[in-house]
Amino acid sequence: MRRYNSQDARRRVLAACARLFLEKGYTNTRMTDIFKAADVSAGSFQNVFHTKDGVLTAFVDIMFSRQFDMAWELASAAPTTAHVYAVETALQLALTEMNENLRDIYVEAYTCPATLSLIHRRTVQELQAAFGAYLPNETAEDFYELELGTAGMMRAYMVSRCSPNFPLDKKISRFLEMSLSVFQVPVDERAQLIAYVMALDMRAMAHHVMNALFESLAVHLEL
């Protein structure tokens, strides 16, 4: 193994993990697989990331940033920020049905404390912008506490694979009905938001986002 400076070692590990996580899933990727694919020693890895969870946090940071950007682009014509939230959450659920290894990454992201904290921090501002009008007296801390609950629901829905009795459209509709009620969106507006998402070709949008995510990772990590 060659010796690399910390910045180069970080890039090599992230690039290797991007391939391994998408090919094998996060759970099935072993530390020895990472060392071999990145051509780094265990010591070099630990100096940069410490643990496999540390790599996941950095990987999710890149992936979720691009995912949120894509959601805003796809929902640019949406009437309100609440519509954008509905599209973005529906996309996450659709993405987990595209590929089992991608599902594994998302589920782990909503399980690992470090990555989950990252998701919470990113989501709180979005929630305030989307639902502040419905909860005018709630603080950022209040929205953080609400996000803890909706993130738990998101993970449960990601883990539960779609089936003939529970297809993707129904999964998305159920999740939105529950999450929008948490933020006290009135029933009639809730129905309008769900109808807006149901009218979109969410599978095609998820494929588009998935390809864009892969391209973004390839550019960012010089794959």
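The values are calculated or read from the model by the stated rules, or taken from the named source; none is laboratory data. The shown structure was predicted, so the numbers you read here are calculated from the model rather than taken from an experiment. Don't worry about glycine lacking a Cβ; one is built from the backbone with ideal geometry, like all the others, and counts go over all protein chains shown. Areas reflect the complete protein model, heavy atoms only, side chains present, ligands, DNA and RNA absent. Shrake-Rupley method; radii C 1.70, N 1.55, O 1.52, S 1.80 Å.
Some notes on this structure:
So that you can scan it fast, the table gives a plain yes or no per residue for (1) within 22 Å of A71 (Cα to Cα); (2) of a type in the set (A, V, I, L, M):
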| position | (1), (2) |
| --- | --- |
| Q125 | yes, no |
| A130 | yes, yes |
| P186 | no, no |
| R203 | yes, no |
| H207 | yes, no |
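- Some residue of the stretch 121-129 being open to solvent by 40 Å² or more (accessible area, probe 1.4 Å), in contact (Cβ under 8 Å) with a residue 60 or more places away in the chain, among the basic types (K, R) and assigned to a helix (DSSP H, G or I): no
- Hey, D69 part of a helix (DSSP H, G or I), among the acidic types (D, E) and more than 20 Å from L213 (Cβ to Cβ) or not: no
- A search for C-beta distances below 9 Å between a residue of the stretch 142-157 that is within 11 Å of Y110 (Cβ to Cβ) and surrounded by 17 or more Cβ atoms within 10 Å (Cβ to Cβ) and any residue that is of a type in the set (K, R) and modelled with pLDDT of 95 or more, counting only pairs 6+ apart in sequence or on different chains, returns Y157/K171; Y157/R174.
- The set of residues from the stretch 182-197 being open to solvent by less than 70 Å² (accessible area, probe 1.4 Å) and in a helix (DSSP H, G or I) comprises V182, E189, R190, A191, L193, I194, A195, Y196, V197.
- The stretch 201-223, residues that are open to solvent by 60 Å² or more (accessible area, probe 1.4 Å), in contact (Cβ under 8 Å) with a residue 12 or more places away in the chain and either closer than 17 Å to A133 by Cβ or not in a helix (DSSP H, G or I) (or both): E222, L223
- Of the residues making up the stretch 17-29, at least one is open to solvent by less than 40 Å² (accessible area, probe 1.4 Å), of a type in the set (F, W, Y) and assigned to a helix (DSSP H, G or I).
- Here D69 qualifies as under 18 Å from the mean Cα position of the chain (by Cα), closer than 21 Å to A218 by Cα, open to solvent by 30 Å² or more (accessible area, probe 1.4 Å) and without any contact (Cβ under 8 Å) to a residue 40 or more places away in the chain.
- Considering residues of the stretch 79-120 that are assigned to a loop (DSSP other than H, G, I, E, B) and either open to solvent by 10 Å² or more (accessible area, probe 1.4 Å) or of a type in the set (A, V, I, L, M) (or both) only, the residue farthest from F64 (Cα to Cα): P79
- Subset of the stretch 168-181 [open to solvent by less than 50 Å² (accessible area, probe 1.4 Å) and out of contact with any Lys or Arg (no Cβ under 9 Å at 6 or more places or on another chain)]: K171, I172, S173, F175, S179
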